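S.K.: First the structure, then my questions, so here it is.
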Amino acid sequence: ERWSDKPVADIDGHDIHSLVDETRRSGAPGLERRSEGPTEARARVMLSCLSKMFGWLVQHRRVSQNPCKDVHRPDASRARDRVLTESEIVKFWRAADAERKEFSALLKLLLLTGCRLNEVAGMTRAELSDDGATWNIPGARTKNKRPHVVPLAPLARKMVGSGSEGLVFTTTGRSPVSGWSKIKRRLDEAMKIPPWRLHDLRRTAATGMAEIGIAPHIVEAALNHVSGAKAGVAGTYNRAAYAEEKRAALERWALHVQGLVSERPANVAKMPKRTGVT
């Protein structure tokens with residue numbers, strides 16, 4: 001929009017650098033900011049998108065060179081390893097309870113399913129099976145573009161509730177719930193724990209399932225991770241073969257969480273960790 005009156009051939013490296021730096025400092029123009037402080041990852045994505053666009057323009061002879069070529073690429077973010085402890089899970093659950101129903105249920109589903117925020121926020125009734133026991137996320141809504149079948153444990157089904165059509169989590173009836181920066185601030189004020197992000201709930205679910213003895217390849221399947229073992233034809237087979245194992249894993253994890261937040265021991269036996277796939 002800010003370049004709408006500028007000939008595309010006049011956009012140079014200074015323009016690119018200015019926009020990428022603004023994205024790093026203040027977030028991408030026109031998009032909701034989800035975190036405080038510099039956003040190196042989003043700045044890298046901005047530069048990548050612009051470079052791809054100008055690469056296309058070069059190929060089609062609209063411009064003579066890609067102005068992104070010599071622009072500094074923002075540093076890659078360090079891999080995060082933040083996992084909520086069991087006591088922090090309890091604090092999270094209590095803080096989520098204090099939110100209005102649409103937010104509370106969605107937050108809890110992030111922990112129970114290990115799915116990403118945009119996947120859960122965009123859930124529709126059409127993606128749910130008739131009995132509400134299975135959630136089918138189309139590839140168009142997943143990060144790796146692969147369809148993801150999520151078995152919903154009884155506790156997770158309570159969060160989804162019932163309805164006829166449209167979005168499951170909405171306050172307007174037309175768009176998914178939003179305002180996550182404000183919601184996160186309220187959670188932080190209530191929980192009073194070391195810094196964490198909503199995406200850490202996904203890692204917490206993966207780690208938690210592993211700690212109660214669920215095999216790594218089943219955890220990967222439950223979270224729609226694609227490793228070398230699940231690539232290509234093998235991946236097609238595994239998605240079908242692991243359907244029941246995924247359901248059992250997510251149900252055991254939900255029972256474990258339920259035991260934590262109810263302050264009653266869950267009836268979930270911790271199994272010895274497997275070191276490989278047989």
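S.K.: Since Arg82 meets every condition but one in (1) assigned to a helix (DSSP H, G or I); (2) modelled with pLDDT of 90 or more; (3) in contact with a Pro (Cβ under 9 Å, 6 or more places away or on another chain), which condition does it not meet?
M.R.: It fails just one condition, (1).
S.K.: Does any residue in the stretch 1-24 that is surrounded by 15 or more Cβ atoms within 10 Å (Cβ to Cβ) come within less than 8 Å, Cβ to Cβ, of a residue that is among the hydroxyl-bearing types (Ser, Thr, Tyr) six or more places away or on a different chain, and which pairs are these?
M.R.: Thr23/Thr39; Arg24/Thr39
S.K.: So Ala140 fits all but one of (1) in a helix (DSSP H, G or I); (2) open to solvent by 10 Å² or more (accessible area, probe 1.4 Å); (3) touching a Ser or Thr at 6+ places or on another chain (Cβ under 8 Å); what number is the exception?
M.R.: (3) is the only condition that Ala140 fails.
S.K.: Would a scan of the stretch 118-125 turn up a residue that is in contact with a Leu (Cβ under 8 Å, 6 or more places away or on another chain), at pLDDT 95 or above and open to solvent by 70 Å² or more (accessible area, probe 1.4 Å)?
M.R.: Within the stretch 118-125, none of the residues are in contact with a Leu (Cβ under 8 Å, 6 or more places away or on another chain), at pLDDT 95 or above and open to solvent by 70 Å² or more (accessible area, probe 1.4 Å).
S.K.: Continuing with the same structure: Out of everything in the stretch 150-166 that is modelled with pLDDT under 95 and not in a helix (DSSP H, G or I), what residue ends up being most open to solvent (accessible area, probe 1.4 Å)?
M.R.: By that ranking, first place goes to Glu165.
S.K.: Let me ask something additional. Report, by residue number, each residue of the stretch 185-224 that is over 19 Å from Ala105 (Cβ atoms), open to solvent by less than 20 Å² (accessible area, probe 1.4 Å) and of a type in the set (S, T, N, Q).
M.R.: The one that is over 19 Å from Ala105 (Cβ atoms), open to solvent by less than 20 Å² (accessible area, probe 1.4 Å) and of a type in the set (S, T, N, Q): Asn224.
S.K.: With respect to the numbered conditions (1) over 21 Å from Arg80 (Cα atoms); (2) surrounded by 15 or more Cβ atoms within 10 Å (Cβ to Cβ); (3) modelled with pLDDT under 95; (4) within 18 Å of the chain's Cα centre (by Cα), which one is the sole condition not fulfilled by Gly132?
M.R.: Among (1) over 21 Å from Arg80 (Cα atoms); (2) surrounded by 15 or more Cβ atoms within 10 Å (Cβ to Cβ); (3) modelled with pLDDT under 95; (4) within 18 Å of the chain's Cα centre (by Cα), Gly132 violates only (4).
S.K.: If a residue has to be farther than 30 Å from Gly179 by Cβ and more than 26 Å from the chain's Cα centre (by Cα) to count, how many in the stretch 5-52 make the cut? Reasoning before the result, please.
M.R.: Narrowing the stretch 5-52 to residues farther than 30 Å from Gly179 by Cβ: 5-17, 51-52.
Restricting the remaining residues to those that are more than 26 Å from the chain's Cα centre (by Cα) gives 5-17.
Qualifying residue count, the stretch 5-52: 13.
S.K.: Does the stretch 175-184 contain at least one residue that is among the charged types (D, E, K, R), part of a helix (DSSP H, G or I), open to solvent by 50 Å² or more (accessible area, probe 1.4 Å) and without any contact (Cβ under 8 Å) to a residue 12 or more places away in the chain? Steps first, answer last, please.
M.R.: Kept after step one, since they are among the charged types (D, E, K, R), are these residues of the stretch 175-184: 182, 184.
Add one more test, that the residue is part of a helix (DSSP H, G or I), and what stays is 182, 184.
With the extra rule that they be open to solvent by 50 Å² or more (accessible area, probe 1.4 Å), the set shrinks to 182.
If we keep only those that are without any contact (Cβ under 8 Å) to a residue 12 or more places away in the chain as well, we get 182.
The answer is yes; a qualifying residue exists.
S.K.: Hey, can you tell me all the residues within the stretch 43-68 that are in contact with a Phe, Trp or Tyr (Cβ under 9 Å, 6 or more places away or on another chain) and either open to solvent by less than 20 Å² (accessible area, probe 1.4 Å) or under 22 Å from Arg25 (Cβ atoms) (or both)? Give the derivation first.
M.R.: Going through the stretch 43-68, the residues in contact with a Phe, Trp or Tyr (Cβ under 9 Å, 6 or more places away or on another chain) turn out to be 62-63, 65-68.
Selection gives Val63, Pro67, Cys68.
S.K.: Which of the residues belonging to the stretch 1-24 are part of a helix (DSSP H, G or I) and among the acidic types (Asp, Glu)?
M.R.: Initially, the stretch 1-24 is screened for residues part of a helix (DSSP H, G or I), giving 8-10, 13-24.
Asp10, Asp15, Asp21, Glu22 - these are the residues of the stretch 1-24 that are part of a helix (DSSP H, G or I) and among the acidic types (Asp, Glu).
The values are calculated or read from the model by the stated rules, or taken from the named source; none is laboratory data. Only a predicted model underlies this, so the values are computations on that prediction, with no experimental measurement involved. In this analysis, Cβ positions are derived from the backbone assuming ideal geometry, glycine residues included, and neighbour counts consider all displayed protein chains. What goes into the accessible areas is simple: the full protein's heavy atoms, side chains included, and nothing from ligands, DNA or RNA. Shrake-Rupley method; radii C 1.70, N 1.55, O 1.52, S 1.80 Å.
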